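The values are calculated or read from the model by the stated rules, or taken from the named source; none is laboratory data. None of these values were measured; they are calculated from a predicted model. When we count neighbours, we look across all protein chains shown, and the Cβ atoms used for this are built from the backbone with ideal geometry, even at glycine. Heads up: the accessible areas ignore ligands, DNA and RNA and are worked out on the full protein's heavy atoms, side chains in. Shrake-Rupley method; radii C 1.70, N 1.55, O 1.52, S 1.80 Å.
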Amino acid sequence: RLMGEQVVDAAVKALATNFALRAVPHSRSASVPLSGGDGGARFAARRRLTELTSVDPAIRDRWFATYGGNASALVDRVVTDAEAGRDLGARHLTIAEVRYAVEAEMARTVTDFFARRASVFYWTEDGGMSVADAVASEMATLLEWNGDERATQIGAYRDLVAANRFTPQSAWTA
């Protein structure tokens, strides 16, 4: 929020300097909950997650910690398709999250999903490459990608992961 406030302040200052903008209403963002942060929605999501016994408790706990009140949207996806709650294998990532990222958060690339929506890029040794095929397949269905686009998406993400991973070298070389 602080970074956002600083960016808006700089933009307002630039608009005032360059375009004589004078009247800007005071921001309410400090008092408006972030998406998923509303207390009532969090309470409802916790209750729904508790009732969703078909999904691994570790996944349910991570959903609540990550999505807060928005975890109810993941529950909706699992109620519609139980397979959507299955652990894909990277940090308890699920198809329900891929669907949510595309349908509610406007994720449009495999890189966007892994790096900005699920943060798997940062927190797994392989950057999520072990589940990239499953994620790309689901995104391809939702976004109507053809086989070439799906392959391009996986390739672009593989390149990003490769460029940002360190392979330790032995200090003892012969």
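For beta carbons closer than 8 Å, sequence separation of 6+ or different chains, a first residue in segment 116-131 that is touching a residue at least 60 places away in the same chain (Cβ under 8 Å) and under 19 Å from ARG150 (Cβ atoms) and a second that is of a type in the set (Ser, Thr, Tyr) and buried (at least 19 other Cβ atoms within 10 Å of the Cβ), there are no qualifying pairs. Look at segment 85-109: where a residue is more than 13 Å from ALA71 (Cα to Cα) and among the small types (Gly, Ala, Ser) and a partner is open to solvent by 50 Å² or more (accessible area, probe 1.4 Å) and modelled with pLDDT of 95 or more, sitting 6+ places away or on another chain with Cβ atoms under 7 Å, you get GLY89/SER130; ALA90/SER130. Would a scan of segment 62-75 turn up a residue that is without any contact (Cβ under 8 Å) to a residue 40 or more places away in the chain, of a type outside the set (Ser, Thr, Tyr), at positive phi and in a helix (DSSP H, G or I)? Yes: segment 62-75 contains one or more residues that are without any contact (Cβ under 8 Å) to a residue 40 or more places away in the chain, of a type outside the set (Ser, Thr, Tyr), at positive phi and in a helix (DSSP H, G or I). Does segment 116-128 hold any residues that are open to solvent by less than 50 Å² (accessible area, probe 1.4 Å) and either at negative phi or assigned to a helix (DSSP H, G or I) (or both), and which are they? If the condition is that a residue be open to solvent by less than 50 Å² (accessible area, probe 1.4 Å) and either at negative phi or assigned to a helix (DSSP H, G or I) (or both), then ALA118, VAL120, PHE121, THR124 are the ones that fit. Take GLU144 and tell me if it is open to solvent by 70 Å² or more (accessible area, probe 1.4 Å) and over 21 Å from TYR100 (Cβ atoms). Criteria not met by GLU144. Scanning segment 54-77 for residues that are more than 12 Å from ALA44 (Cβ to Cβ), open to solvent by less than 30 Å² (accessible area, probe 1.4 Å) and under 16 Å from the mean Cα position of the chain (by Cα) yields ILE59, TRP63, TYR67, LEU74. So which pairs qualify, if the first residue must be in segment 42-53 and touching a residue at least 40 places away in the same chain (Cβ under 8 Å), the second must be exposed (fewer than 12 other Cβ atoms within 10 Å of the Cβ) and not hydrophobic (A, V, I, L, M, F, W, C), the Cβ gap must be under 7 Å, and the two must be at least 6 apart or on different chains? Note: no pairs meet the criteria.
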